[in-house]
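Comments concern the structure below.
The values are calculated or read from the model by the stated rules, or taken from the named source; none is laboratory data. What you see is a predicted model; the values in this text were computed from it and never measured. Methodologically, a virtual Cβ is constructed for each residue, glycine included, from the backbone with ideal geometry; neighbour enumeration extends over all protein chains shown. Protein only, heavy atoms only, side chains kept; ligands, DNA and RNA dropped before computing areas. Shrake-Rupley method; radii C 1.70, N 1.55, O 1.52, S 1.80 Å.
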Number of protein chains: 2
Amino acid sequence: MFIEKADKYYYHYPFPVAIVGVMHNNKVNFMAAAWHTQISFSPPLYGVAISPKRFTNKLMERSKAFSLSFLKYEDYKISGFVGRTSGKDFEKDKLFDINYIEGRKLNVPVIKNAVCCYECKVIDHRTYGDHILYVGEIVGIHYDDEFFDKGISKGLLLYAGNDMYITTKEDSIVKFGKEEVEEILRAKFKGQ
Amino acid sequence: MFIEKADKYYYHYPFPVAIVGVMHNNKVNFMAAAWHTQISFSPPLYGVAISPKRFTNKLMERSKAFSLSFLKYEDYKISGFVGRTSGKDFEKDKLFDINYIEGRKLNVPVIKNAVCCYECKVIDHRTYGDHILYVGEIVGIHYDDEFFDKGISKGLLLYAGNDMYITTKEDSIVKFGKEEVEEILRAKFKGQ
């Protein structure tokens, strides 16, 4: 199928859920984001696209910092709760009993049972179309080391679009890297 | 656990694999990327972070366009092949028999058996740390409608870090959106 334009498009989903946390003058807010990416190793930078309509923006303009918490699949309700309500109407942390601690390096809320949480200092923001891309420098990383097996995450919460959540199938894990590719190339060029 | 800095960090993985395709003067190249995100609905914008060391950059500077192909889990070798070799050394499409067609709107290679492929016109690029963030306007979308069930992807290829690939667990799919949240709120505030 080919289309020139779609109002909404989710063909690249599922995508990890990132809970954006902001804090300013003891006001805390969380929102769910599926539009985010790592951008650089050195310095460590991470970007997240947020609609200017979001309450999170108002706090972010002042706090100039945010946290990104990634969740376990079993905590999908946290994402639905903070993704489908607005900080204009509710204090989400209290209403939904979201446990957080304050960041170690920044004034940001770090969700307690997250798989990992990046503390990010805003170094740039730029409007692209109907969203603002915030770029943050990661100045602290919290993670639950029991959740990872040799660096591989065990059951991350992914957003599948249309209010649906999904996770990974552990026994589908497969390795195919430099060694495997080089072996195939050696066999291919053998005798040439 | 808390760390201030990590040379590399993959705590937010697994992430969908995007194969970046570029074409210039009949020279074609593909690379694998795990750093990418949607940025805007209107206009539809998508960003991908690419190291300036990559051969892809050289072509992109000229072509000012790229494609992003998302793959089925079973095609993980395509990602390993193009991710672990360089266009400086090989013509990857020929070496690895990667079947593609030319884009309908742009001069970009569209991988034939991809789940979906976005044709992107570069509208901005910006260096952040050790990568360049390319922002592309999606001017065409190819997708395999048999791969989606009510808009939900059935087994996308995800990159788990360290040359490992994984996919989703179909029976873990769960819905938790506006309706479910509102029902919980109604019950909570009942009688107040």
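Here are some notes:
- For B:HIS12: the one exception among (1) touching a residue at least 24 places away in the same chain (Cβ under 8 Å); (2) within 11 Å of chain A (Cβ to nearest Cβ); (3) open to solvent by less than 10 Å² (accessible area, probe 1.4 Å); (4) in a loop (DSSP other than H, G, I, E, B): (1)
- Among residues of the range B:32-49 that are charged (D, E, K, R), none has a Cβ under 9 angstrom from a residue that is assigned to a loop (DSSP other than H, G, I, E, B) at a sequence gap of 6+ or on a separate chain.
- Note on the range A:102-137: residues that are out of contact with any Gly (no Cβ under 6 Å at 6 or more places or on another chain), open to solvent by less than 70 Å² (accessible area, probe 1.4 Å) and either assigned to a loop (DSSP other than H, G, I, E, B) or closer than 23 Å to A:GLY155 by Cα (or both) total 11.
- Test result for A:ALA32, farther than 27 Å from B:GLU183 by Cα, buried (at least 16 other Cβ atoms within 10 Å of the Cβ) and among the small types (Gly, Ala, Ser): no
- Qualifying position, being in contact (Cβ under 8 Å) with a residue 24 or more places away in the chain and touching a Lys or Arg at 6+ places or on another chain (Cβ under 6 Å), among A:VAL108, A:VAL139, A:VAL135: A:VAL139
- Condition check for A:ASP75: more than 10 Å from every other protein chain (Cβ to nearest Cβ), acidic (Asp, Glu) and open to solvent by 40 Å² or more (accessible area, probe 1.4 Å): no
- Failed item, numbered, when B:LYS53 is tested on (1) more than 24 Å from A:ALA6 (Cα to Cα); (2) crowded, with 23+ Cβ neighbours inside 10 Å; (3) free of Cβ contacts under 8 Å to residues at least 24 places away in the same chain: (2)
- Selection count, the range B:157-176, where residues are more than 7 Å from chain A (Cβ to nearest Cβ) and open to solvent by less than 30 Å² (accessible area, probe 1.4 Å): 1
- Condition check for B:SER40: open to solvent by 10 Å² or more (accessible area, probe 1.4 Å) and among the hydroxyl-bearing types (Ser, Thr, Tyr): no
- Some residue of the range B:91-99 being closer than 20 Å to A:GLY177 by Cβ and either under 14 Å from the mean Cα position of the chain (by Cα) or facing another protein chain (nearest Cβ under 10 Å) (or both): yes
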